[in-house]
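Quick note: the coordinates plus some simple rules give every number you see, no bench work behind them. This structure is a prediction, so every number in the text was calculated from the model and none was measured. Ideal geometry is used to build each Cβ from the backbone, glycine not excepted, and the neighbour counts take in all protein chains shown.
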């Protein structure tokens with residue numbers, strides 16, 4: 001099976017794991033975690049990083065640090081994976097979903113409207129969580145102005161966008177806080193893991209404390225508040241260091257793969273790719289996590305399902321875009337500002353295999369299968 005985004009692992013990762021095992025630091029935490037946090041913070045351009053067990057853990061602790069409390073609403077993207085909203089619910093707050101613009105990212109105009117609706121209903125907005133969809137960074141020029149004007153903290157969900165840039169800054173450098181993910185299907189992985197990026201030592205220390213069961217500095221186990229078992233292991237941090245050293249190369253491999261898809265379908269009527277103009281080099285760039293396109297069957301002569309069926313029949317994974325969270329049964333009662341954009345993206349969108357570990361032979365197979373659908377249309 002050719003997967004959407006399988007881990008890209010080499011001898012460098014194997015050597016890093018062996019190094020960590022031989023060091024004797026098998027239990028959670030250790031020198032690899034400390035080094036990984038320093039290297040990740042340097043890469044992103046923030047003073048501090050705290051390595052955690054998942055991107056969801058990073059979102060959860062980030063919301064707590066931001067002061068989100070039960071009864072609040074948190075304004076967040078609807079076009080995203082459930083983890084974004086799940087973390088909001090963990091705090092006792094409610095997600096307030098905001099629809100997408102044509103890029104798939106949070107619509108700034110609808111964000112402004114959501115602030116107005118929250119005020120009209122007397123709801124306290126605890127935080128704003130914009131999501132960088134598929135590795136394409138949100139419109140920070142507009143979103144940051146809106147959020148700043150309302151005096152609300154912003155936690156950037158950069159789980160999908162590590163390595164992407166906006167205006168010369170890393171995707172994870174925006175907001176008071178940013179969460180990244182190292183899940184197995186991301187551009188770089190620690191098998192499972194994530195991190196919270198922060199601006200000051202006091203906040204980083206607070207997150208480390210909460211993530212290690214909120215243990216007080218006593219000779220016995222002493223707890224004065226609820227904590228969590230959210231820290232990353234030393235072994236996985238070693239894997240992460242090797243992956244981080246290769247991250248830019250893996251992003252470039254994904255970019256070249258997207259260019260192949262563009263060569264095949266970019267000029268086809270009714271076909272639109274999400275994300276950055278792919279050959280553009282500048283201060284803003286995607287990390288090309290997943291190549292996704294939107295197809296209008298009436299204009300293209302074929303649908304997203306037509307391509308997906310052919311690929312799956314040949315053991316090539318293809319998926320729709322995220323089902324918007326305001327359509328998910330578990331969030332049916334959540335407030336939302338919706339204009340139908342994310343629903344249309346879900347209905348017509350398709351994500352193609354995008355991983356840096358895909359071989360040249362596999363790429364040619366995929367291109368040939370898609371070409372067959374286009375020619376027959």
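Note on the chain: helix-only mean residue ellipticity at 222 nm, from DSSP H runs of 4+ residues weighted -39500 (n - 2.57) and normalised by residue number, equals -12000 deg cm²/dmol. Listed peptides 19-26, 206-213 appear in the order 206-213, 19-26 once ranked by packing, highest mean of other Cβ atoms within 10 Å at the front. Where both bridge residues fall in the chain, DSSP classifies roughly 60% of the beta bridges as antiparallel. Set against the labelled values (i) 32, 23, 18; (ii) 42, 23, 17; (iii) 34, 28, 17, semi-axes √(5λ) of the Cα gyration tensor in Å computed from this structure falls on (iii). With a cut-off of 20 Å on the backbone N, the residues of region 140-183 near the modelled label site 7 Å out from residue 202 along Cα-Cβ are 151-155, 175-178. Note: relative contact order over region 189-305, using C-alpha pairs below 8 Å and six or more positions apart, is 19 percent.
In terms of the mean number of neighbouring beta-carbon atoms within 10 Å, the peptides 182-193, 128-139 order highest first as 128-139, 182-193. Averaging Cα coordinates gives a centre for region 221-246 and one for region 99-122; these two points are 34 Å apart.
If we sort 354-362, 288-296 on the protection proxy, mean other Cβ atoms within 10 Å, highest first, what's the order? Present the calculation step by step, with values, prior to reporting the outcome.
Numbers: 354-362: 16.0, 288-296: 24.3.
With the highest mean Cβ count within 10 Å placed first, the list reads 288-296, 354-362.
What full-extension length gain, to one decimal in nm, is calculated for residue 142 and residue 220 as 0.36 nm per residue of separation minus the Cα-Cα distance? That pair, residue 142 and residue 220, stretches by 23.1 nm at full extension.
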